[in-house]
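A.B. asks: Pasting in a structure now, in structure tokens, and then I'll have a few things to ask.
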Amino acid sequence: MRYRIVQRGESRSFPLGDEFLDRCANDGDVVIHLGSPLVRDDMKAAILVELGTECLGVHTGEQSGDEGSNVLGFARYRNGGDPPSRLVELVRQPHTRPEAIAAARTVFEAAGLVVVVCADQAGRIIDRLVRPKYNAALRFLDEGLATAKDMDTTCKLGLGYPDGPIERVERGGLAHHHDVTRALFETYGTAGYAPARRAVVAKMREGS
């Protein structure tokens, strides 16, 4: 399926040089907005909007739970400054057209990406799951429960993780972790999303 990309600025999902950018067409059944304002076109199979931590409803508006059309949101999971992973979180609304979901899935899967579909929640699936764990690990480090090396080693050897929580969140950037968790905390008010002290310090140092 042919797709067109409308881009403004750099994309976190598809940074400069990504093959996905090179394979786009001048027109197509699917239109993908990367940092550009949403332009609706009901005749297209799907309109895709790249998301940060925000909900798709920020771009489409919401109508008392009846929202949904051929517009979907998406984000390719990326741990801070690490290269993007193969996982794409595809965001639907309550009445998103099934054929739009199918079209979006076809475009991404043809590029070798893995697609999961989720509801329109800030942070989607991965950040809502992992950010409280990173915050807990950072707080355990502050409390002297264990060293960073010991926590990382325990998670890798005991749980089979490819990397530990401290090593992963530091590699992705503590200031970036602050921004993501702050946005989730402001949305949900859940204590587990409140940025850990070390993330706050990193954010303040970034701005100094």
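A.B. asks: From F14, F20, which residue is more than 18 Å from A100 (Cβ to Cβ), surrounded by 15 or more Cβ atoms within 10 Å (Cβ to Cβ) and in contact with a helix residue (DSSP H, G or I) (Cβ under 6 Å, 6 or more places away or on another chain)?
C.D. replies: F14
A.B. asks: Only residues in the range 1-29 that are closer than 26 Å to N79 by Cβ and in contact (Cβ under 8 Å) with a residue 40 or more places away in the chain count as the first member; pair them with residues that are of a type in the set (A, V, I, L, M) and in a loop (DSSP other than H, G, I, E, B), Cβ under 6 angstrom, at least 6 apart or cross-chain, and list the lot.
C.D. replies: So the pair list comes out as F20/A111.
A.B. asks: Can you find a residue in the range 176-193 that is of a type outside the set (S, T, Y) and touching a strand residue (DSSP E or B) at 6+ places or on another chain (Cβ under 6 Å)?
C.D. replies: Keep residues of the range 176-193 that are of a type outside the set (S, T, Y), which gives 176-180, 182-186, 189, 191-192.
Within this subset, residues satisfying the condition of being touching a strand residue (DSSP E or B) at 6+ places or on another chain (Cβ under 6 Å) are none.
Within the range 176-193, none of the residues are of a type outside the set (S, T, Y) and touching a strand residue (DSSP E or B) at 6+ places or on another chain (Cβ under 6 Å).
A.B. asks: Moving on to the next point. Only residues that are among the hydroxyl-bearing types (S, T, Y) and under 18 Å from L16 (Cβ atoms): list them for the range 74-113, please. Write out each step before concluding.
C.D. replies: Start the filter on the range 74-113 by keeping residues that are among the hydroxyl-bearing types (S, T, Y), which leaves 77, 85, 96, 106.
The answer is S85, and nothing else.
A.B. asks: If you scan the range 55-92, which residues turn out to be touching a residue at least 60 places away in the same chain (Cβ under 8 Å) and surrounded by 14 or more Cβ atoms within 10 Å (Cβ to Cβ)?
C.D. replies: C55, L56, G57, F74, A75, R76, R78, N79, G80, P84, V88
A.B. asks: Next up: Check off (1) at pLDDT below 95; (2) assigned to a helix (DSSP H, G or I); (3) more than 28 Å from E50 (Cβ to Cβ); (4) not hydroxyl-bearing (S, T, Y) for E206 and give me the number that stays unchecked.
C.D. replies: With (1) at pLDDT below 95; (2) assigned to a helix (DSSP H, G or I); (3) more than 28 Å from E50 (Cβ to Cβ); (4) not hydroxyl-bearing (S, T, Y) applied to E206, the lone miss is (3).
A.B. asks: Checking E186 against (1) under 25 Å from E50 (Cβ atoms); (2) surrounded by 18 or more Cβ atoms within 10 Å (Cβ to Cβ): exactly one of these is not met. Which one?
C.D. replies: Single failed check for E186: (2).
A.B. asks: If the requirement is being touching a residue at least 40 places away in the same chain (Cβ under 8 Å), over 20 Å from R78 (Cβ atoms) and not charged (D, E, K, R), which of these qualifies: A119, A196, A104, A183?
C.D. replies: Going through A119, A196, A104, A183 in turn, the sole match is A196.
A.B. asks: Would you point out which residue out of V30, V91 is closer than 17 Å to Q121 by Cβ, touching a Lys or Arg at 6+ places or on another chain (Cβ under 9 Å) and modelled with pLDDT of 95 or more?
C.D. replies: Numbers: V30 fails: closer than 17 Å to Q121 by Cβ.
It is V91.
One line per residue, one yes/no per condition, for (1) modelled with pLDDT of 95 or more; (2) among the charged types (D, E, K, R); (3) in contact with a helix residue (DSSP H, G or I) (Cβ under 6 Å, 6 or more places away or on another chain):
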site	(1), (2), (3)
M43	yes, no, no
A46	yes, no, yes
T53	no, no, yes
G61	yes, no, no
F74	yes, no, no
G81	no, no, no
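The values are calculated or read from the model by the stated rules, or taken from the named source; none is laboratory data. Just so we're clear, the structure is a prediction, and the values are computed from it rather than from any experiment. Don't worry about glycine lacking a Cβ; one is built from the backbone with ideal geometry, like all the others, and counts go over all protein chains shown.
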